[in-house]
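Q: Shown below is the structure under consideration.
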Amino acid sequence: MTGVEASEATFALPERPRAAGRQDWTAWPGYNAAGSGYRGYWYPVTWSNHITKDPKSYTICGEKLAIIRDAGKAYALHDRCPHRGVPLSEGDQQFPGTVSCPYHGWTYRLTDGKLAAVITDGPDSKICGKLNVQTYAIEERLGLVWVYIPIANEPAPSIDDQLPRELVENKGIVGGRIQPREGNWRFACENGFDEGHAKYLHRTALWRLFKPMPTWNITSIVPEGRWIYRVQEEVYWEAEFPGVGTWTNKRWWKKKPDETQISQIGNVGAGLDVNPVIAAQNFPGFASLSMPGVLRIAYPKFIHYEFYVPVDEDNHKYVGLMVNFVSGAAKLGFYAKYLGAIRWLFHGQFSGQDAWMVEVTDAPPEKLYRPDVSLTTWRNLAEEEYAEKIADAAKHTPKAPVRPTRERRTPTPRPAPVADAQIPTGTSE
């Protein structure tokens, strides 16, 4: 043999140390599979005044919807004509209570989706009444249109059972913003409830220009009803980090926090007067989260809500609402303040920092740290609640008809063939 002969010894690669923390989402298989969202919930779609007699197209949980208004009421249908697959949102209304496909004039009732007329096949079209498009339960609350995306054939529950209780029981005025955003809805939801990011990511937000933020907290996650709450146990406004130095969010121009108290209403310190409606809720913590991805942040004078509406695996819709529980002349003051400042500072630049992080997040794999108990508790909540919802929806799934077993016929045995008679042959003399 020429050259250098290989050694007969085998060399094993050193064993890689096991990484700390969870690396993937296999502990939450349902959550891992919910890239396009959870069905079986009400979702806000758009502002009520955006829905007119001209149908518009929306996608929720991967489901394409055509939404139209007729005689003051909003309706939602599956956005596809069964004939050739043309979107009904490209059509219009040729008859009251219907929507017509722009291609051949197939016309569907808004109430139940039944094919009521085929304009290009005449009044006696034989296909009428033989097919339909799916319709969806729809409601209007808080100036928004909401659609229920079913799991199976289950009836839609009351939307009031899903909305935050304080919004159902009290009157408030709403300022808000709806934006299409890149990134999966789960990243947006986890960002909203994330314990650590606000103190660091939002330290440059104009909304926080004069408001102090803690450096770090010790937080517990407390369940109550459908919600989980972030409860601040300890708050540290500055800290000495060994080997690197002191870090603080304090600045000479910011309001000085009261470091002797811990506030569970807002995260900028205690001592502020709280709106009576907000105080009456007795929230365990100022940040709370519920299915199917509803964030609630309780401040002393208003409550901020974020709805993370799934569109598909790579896109979601951000619905941010600021609700103020005031009446009379105070309403005008809130609207002026919202349109003049809050909309641009809070629902604009501040929320835009979150949108930036959601867009660039790439997980799993991931390595979690102590404050991420907020994320793992949320995933556990989602996993458990949706398993119950799936089981309940299964009761409404129609069972396939059972066909009776067809008995096989036993073939009748054929009689044995009869041998041909032998006819003697010969010559006669």
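Q: Can you tell me which residue within the range 168-178, out of those that are touching a residue at least 12 places away in the same chain (Cβ under 8 Å) and under 22 Å from N49 (Cα atoms), is most open to solvent (accessible area, probe 1.4 Å)?
A: K171
Q: Let me ask you something else. State the number of residues belonging to the range 338-385 that are assigned to a helix (DSSP H, G or I), within 22 Å of H202 (Cα to Cα) and charged (D, E, K, R).
A: 5
Q: Next question. Restricted to the range 361-374, and to residues that are touching a residue at least 12 places away in the same chain (Cβ under 8 Å) and open to solvent by 90 Å² or more (accessible area, probe 1.4 Å), which residue is farthest from Q232 (Cα to Cα)?
A: P365
Q: Starting from the range 98-119, take each residue that is on the phi > 0 side of the Ramachandran plot and list its partners that are surrounded by 21 or more Cβ atoms within 10 Å (Cβ to Cβ) and part of a strand (DSSP E or B), counting only C-beta distances under 6 angstrom and pairs at least six apart or across chains.
A: G113/L77
Residue by residue, here is whether (1) in contact with a strand residue (DSSP E or B) (Cβ under 9 Å, 6 or more places away or on another chain); (2) open to solvent by less than 10 Å² (accessible area, probe 1.4 Å) holds:
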| site | (1), (2) |
| --- | --- |
| I119 | yes, no |
| L131 | yes, no |
| L142 | yes, no |
| E166 | yes, yes |
| A205 | no, yes |
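Q: Also, I was wondering about something else. Tell me, which strands (runs of 3 or more DSSP E) lie completely within the range 37-118 with 2 or more residues that are over 30 Å from E383 (Cβ atoms), among the charged types (D, E, K, R) and out of contact with any His (no Cβ under 7 Å at 6 or more places or on another chain)?
A: Here the list reads 63-70.
Q: Filter the range 215-261 down to the residues that are among the polar types (S, T, N, Q), part of a loop (DSSP other than H, G, I, E, B) and without any contact (Cβ under 8 Å) to a residue 24 or more places away in the chain and list them by number.
A: If the condition is that a residue be among the polar types (S, T, N, Q), part of a loop (DSSP other than H, G, I, E, B) and without any contact (Cβ under 8 Å) to a residue 24 or more places away in the chain, then T260, Q261 are the ones that fit.
Q: Still on this structure: Kindly indicate which of W344, W356, W378 is more than 30 Å from E313 (Cβ to Cβ) and either open to solvent by less than 30 Å² (accessible area, probe 1.4 Å) or without any contact (Cβ under 8 Å) to a residue 40 or more places away in the chain (or both).
A: Only one candidate passes the filter, namely W344.
Q: Just give me the residues in the range 205-214 being touching a residue at least 60 places away in the same chain (Cβ under 8 Å) and either among the basic types (K, R) or not in a loop (DSSP other than H, G, I, E, B) (or both), in sequence order.
A: Once the filter is applied, which keeps residues that are touching a residue at least 60 places away in the same chain (Cβ under 8 Å) and either among the basic types (K, R) or not in a loop (DSSP other than H, G, I, E, B) (or both), the range 205-214 yields L206, W207, R208.
Q: In this structure, is V86 touching a Gly at 6+ places or on another chain (Cβ under 9 Å) and either surrounded by fewer than 22 Cβ atoms within 10 Å (Cβ to Cβ) or at pLDDT 95 or above (or both)?
A: It is false that V86 is touching a Gly at 6+ places or on another chain (Cβ under 9 Å) and either surrounded by fewer than 22 Cβ atoms within 10 Å (Cβ to Cβ) or at pLDDT 95 or above (or both).
The values are calculated or read from the model by the stated rules, or taken from the named source; none is laboratory data. If you're wondering where the values come from, they're calculated on a predicted model, not measured in any experiment. No Cβ is skipped: glycine too gets one built from the backbone with ideal geometry, and neighbour counts run over all protein chains shown. Keep in mind that these areas ignore ligands, DNA and RNA; they rest on the heavy atoms of the full protein, side chains included. Shrake-Rupley method; radii C 1.70, N 1.55, O 1.52, S 1.80 Å.
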